[in-house]
1. Show me the ranking of peptides 162-175, 27-40 by mean Cβ neighbours inside 10 Å, starting with the highest.
2. Hey, can you grab everything whose amide H is under 5 Å from the amide H of residue 234? Only 5+ residues off in sequence or another chain; H modelled, so Pro and N-termini drop out.
3. I'd like the Karplus ³J(HN,Hα) series for segment 98-111: coefficients 6.51, -1.76, 1.60, θ = phi - 60°, whole numbers in Hz, and an x wherever there's a Gly or Pro.
4. Determine how large the accessible area of residue 244 is when every protein chain is in place; take a 1.4 Å probe and give Å² rounded to the nearest 10.
5. Which order do the peptides 107-116, 71-80 come out in when sorted by mean C-beta neighbours inside 10 angstrom, highest first?
6. How many percent of all Cα-Cα pairs in segment 117-235 sit more than 25 Å apart?
7. For residue 99, which sequence-distant residues (separation of 5 or more, or a different chain) have an amide H within less than 5 Å of its own amide H, given hydrogens modelled in the peptide plane?
8. Would you mind computing Rg(Cα) / (2.2 N^0.38 Å) for segment 187-266, counting N as its residues?
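The values are calculated or read from the model by the stated rules, or taken from the named source; none is laboratory data. A quick note: this is a predicted structure, and the numbers were derived from the prediction, not measured. Cβ: placed from backbone, ideal geometry, glycine included. Neighbour counts: every protein chain shown. Heads up: the accessible areas ignore ligands, DNA and RNA and are worked out on the full protein's heavy atoms, side chains in. Shrake-Rupley method; radii C 1.70, N 1.55, O 1.52, S 1.80 Å.
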Amino acid sequence: MRVLFVDDELSIRLTLPAILEQQGFEVAVAESVSEALELINHRPFDVLLTDLNIGTPADGFILVSAMRRIQPSAATFILTGYPDFQTALEAIRKQVDDYFTKPADIPTLVSTLKQKVHRPRCSEPPCKRVSTVILEKSDEIVERWLQELTVDARWNSISISRDEQINRWPTLLTDLAKAIESGKTEVPAELLRCAATHGAERLKHGYTIPLLVTETRILNRVIAAVLQEDLLSMNLSTLIPDALKTGEYMEILLEESIRAFQAAQIPPRIAASGQSKTRAKAS
């Protein structure tokens, strides 16, 4: 596979191409936009791997556009030290195949290059919705959520198994994705019941309301991170409303879990006494 690698940093030009060649790539190197454009116009490539900021900010997209026009079958990748939302939006607009954050993880970079080169590029624009990504990445979301929980010392005092900690989150994520996909403005009743059961079960495991809030906040953060990482494949016209709806749904589910948690804290005798007094007053 023939790779055109473009970067204005000498140290990277001396190291990364050598690593790629050890992995079986044939690498041509350029240090400027003009030099890279000359190579694009006169030599065939399977891959363009370019720094985002070569001479001026974001001029790596100039090379992406040139490669897509002159050699449309070549895969295009961006390297950036400072990824942000605007960079991701521009990458989508230019239909970059992927982008990597410096310093790039070499095994991931090599694996991604090989996969994208052998996979025909879809000519259609990015089309995934938030619900699709949540369904596809449900297991990953739960695993990353668990990893973040382990660094919070407040969970050390709770005796709970891995399965009990995961509890109903996979079901909640699946139902959440379906609700977002349906476009309903109200949270479905089955989703509320699932959240209520989750809250009551958390009480049995020794949780507190602050822990309920924290685990939901962490889940929200993980979902947002997963969506950002998959931004190149997403439909921007539905991204913001779907993301807002996801946040609203999570808040409603948390409220339902807290209500069930608090209700389960009331001893049955007190609850029954309260109901009797209410009936007496009514009569």
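1. Ranking, from highest mean packing down: 27-40, 162-175.
2. 128
3. Those phi angles translate into 5, 9, 10, 8, 6, x, 6, 6, 4, x, 5, 4, 4, 4 Hz.
4. Approximately 110 Å² for this residue.
5. Those peptides, ordered most packed to least, come out 71-80, 107-116.
6. Result: 31 percent of Cα pairs exceed 25 Å.
7. 78
8. 1.26
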